[in-house]
Amino acid sequence: MNTLQQIRFIWKPLVFVVCLIPAALVVTDALELTGGLGANPVEAILDRFGNWALRFIMIALAVTPLRRVSGWNWPSRFRRMLGLFTFFYALMHFLTWFILDRDRSMSEVVEDLAERPFITLGFIAVLLLTALAITSFSTLRRRMGKRWQTLHNAAYVIAILGVWHYWWQVKKDITEPLIYAAILSALLGIRIVWRLKKRTKRALTPVRPAA
């Protein structure tokens, strides 16, 4: 079994199961089988799903730096799965808020979107994630051509919106949002450095005269 076969038949299923563990723990904690959700279970579920959505998008954005620094190509095989799990946990975060916190009241949803900016940011992030999830399949990628990469560059915007959403939501202790902001700054900063180096290299490369 070669490396690609190992990734497809062993590592991808294993990573898939591991990525589902946080969601499974929410269910088992809600049933008080593995713990509990505290005095405010809805808030606990919201926090867990939201935090895991942020964690997964950070991990997904770390794939390219890891690949370039290490020289390994195999991490890129997991990027799509990590992106889809980002969408999954963000969607669960949104549905928990919509169904359990706002009791599916559209009037309350509209009021929150209009009056609470951090919810507006989170809603925009979920919409963008939905677009990325729908277009993540190979068939649509081929049909969209260059437009696909342009759309999927929205992952950077989503990460910024996610951290911003969390920062504005927190009222007192901003330690965790700061940690996410620092990680995101590093992940985006290294990309900016690489792009600037690439532009500098192009500018310094002498143009060969036409024969």
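The values are calculated or read from the model by the stated rules, or taken from the named source; none is laboratory data. Computed from a prediction, not measured in an experiment: that's the story for all the values here. Cβ: placed from backbone, ideal geometry, glycine included. Neighbour counts: every protein chain shown.
Taking the criterion of being exposed (fewer than 13 other Cβ atoms within 10 Å of the Cβ) and modelled with pLDDT of 90 or more, the only residue of the stretch 155-173 that qualifies is Val157.
The set of residues in the stretch 112-150 being among the polar types (S, T, N, Q) and out of contact with any Lys or Arg (no Cβ under 8 Å at 6 or more places or on another chain) consists of Thr120, Thr130, Ser138, Thr139, Gln149, Thr150.
Looking only at the stretch 54-69, decide whether some residue is free of Cβ contacts under 8 Å to residues at least 12 places away in the same chain and either outside any helix (DSSP H, G or I) or at positive phi (or both). Looking through the stretch 54-69, none of the residues is free of Cβ contacts under 8 Å to residues at least 12 places away in the same chain and either outside any helix (DSSP H, G or I) or at positive phi (or both). The single condition from (1) of a type outside the set (Lys, Arg); (2) closer than 21 Å to Leu187 by Cα; (3) touching a Lys or Arg at 6+ places or on another chain (Cβ under 7 Å) that Leu82 fails is (3).
Looking at Val157, Val163, which one is of a type in the set (Val, Ile, Thr), touching a residue at least 60 places away in the same chain (Cβ under 8 Å) and in a helix (DSSP H, G or I)? So the residue among Val157, Val163 that is of a type in the set (Val, Ile, Thr), touching a residue at least 60 places away in the same chain (Cβ under 8 Å) and in a helix (DSSP H, G or I) is Val163.
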